[in-house]
1. Quickly run through region 182-205 and pick out the residues that are of a type in the set (Val, Ile, Thr) and not in a helix (DSSP H, G or I).
2. Which residue pairs have Cβ atoms under 9 Å apart, sit 6 or more places apart or on different chains, and have a first residue in region 234-248 that is not assigned by TED's automatic domain parsing to the domain that holds LEU170 and a second that is in a loop (DSSP other than H, G, I, E, B) and among the acidic types (Asp, Glu)?
3. Under the condition of being assigned to a loop (DSSP other than H, G, I, E, B) and aliphatic (A, V, I, L, M), which residue from region 206-248 is nearest to the chain's Cα centre (by Cα)?
4. Assess whether TYR228 counts as being within 30 Å of ASN142 (Cα to Cα) and surrounded by fewer than 14 Cβ atoms within 10 Å (Cβ to Cβ).
5. Could you check how many residues of region 60-103 are at pLDDT 85 or above, touching a Ser or Thr at 6+ places or on another chain (Cβ under 8 Å) and assigned to a helix (DSSP H, G or I)?
6. Restrict the check to region 3-23 and report whether at least one residue is modelled with pLDDT under 85 and closer than 23 Å to VAL114 by Cα.
7. May I ask you to verify whether THR106 is more than 14 Å from TYR6 (Cα to Cα), hydroxyl-bearing (Ser, Thr, Tyr), at pLDDT below 90 and in contact with a helix residue (DSSP H, G or I) (Cβ under 6 Å, 6 or more places away or on another chain)?
8. In region 151-181, which residues are outside any helix (DSSP H, G or I), of a type outside the set (A, V, I, L, M, F, W, C) and either touching a helix residue (DSSP H, G or I) at 6+ places or on another chain (Cβ under 9 Å) or under 18 Å from ARG225 (Cα atoms) (or both)?
Amino acid sequence: MRAVTYSRISTDLQSETSVQEQTRRCKQYIEMKGWDFGDSFEDVGTGMNMEREGFQALMERKEEWDVVVAFKLDRFHRSSANAQAWASDLNNVGKNFVALDIDVDTTSAMGMAVFRIITALNQMEVEVTKERTVMGIVAKQNSGKWVGKPPYGYNSAFAATGDDGEKGNLLINPSEADIVRIIFDQAASSSASEICNFLIENGIRTRSGSLKWASSTIKGILDNREFYEGTFYNTNNEKQQYEWEAIL
């Protein structure tokens, strides 16, 4: 069995095991298995980047080896999905890999099965985390709390007070609120682009202090009349009132 090693450190993880120590331990494993050592491939950089020079060289020279050994599975790929796809591609061309940290050795059927179980569980954990995050956002919105950057016309109550109980609540920004009212007044007889021109001609600035307004910004404000009137619909399609003061 022809074996090579792959080692990598991330520039953002200075405390991780050095490339030299990773390679040493991988060579020890190769010697223990009685395989023929061929070469070592090394990288410094994130595992999310597929353009790593050492990794590319490893794959370009795959005809020279049968199995590649790494100290940790995430040295090959940080993403479970990427690791699974990569392992499948290797398997299709008769190549294998070893990850010493989780005792996975795909030169055996059991080793490949263990790897597939581990990556499936990792991917499931990612999906569950995403699902919980979405559910948390929906629950917060359903209770009349704002999620994300405050919309034009409002400031974050938490940012203003530092009170954890104010998270998700908004405070009217008086100067911006006046402009919101002007925008809705103008909308009775003007298009979004015409409102932009009106604001620019009157020296009214955006939140960032620019005199350049975008039609999409104006349209976004106009499309959210109910929000500016202080109302929203919960998941039961029931009209509710926000806790904070409405602009319109």
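The values are calculated or read from the model by the stated rules, or taken from the named source; none is laboratory data. Since we're looking at a predicted model, the values are computed, not measured. Because the Cβ atoms are built from the backbone with ideal geometry, glycine has one as well, and the counts that use them run over all protein chains shown.
1. Across region 182-205, the qualifying residue is only ILE204.
2. ALA246/GLU229; ILE247/GLU229; LEU248/GLU229
3. Going through the qualifying residues, I end up with ALA214.
4. no
5. Residues that pass the stated criteria total 2.
6. No: region 3-23 contains no residue that is modelled with pLDDT under 85 and closer than 23 Å to VAL114 by Cα.
7. When the stated conditions are applied, THR106 passes them.
8. The answer is PRO151, TYR152, GLY153, TYR154, ASN155, SER156, ASP163, LYS167, GLY168, ASN169, ASN173.
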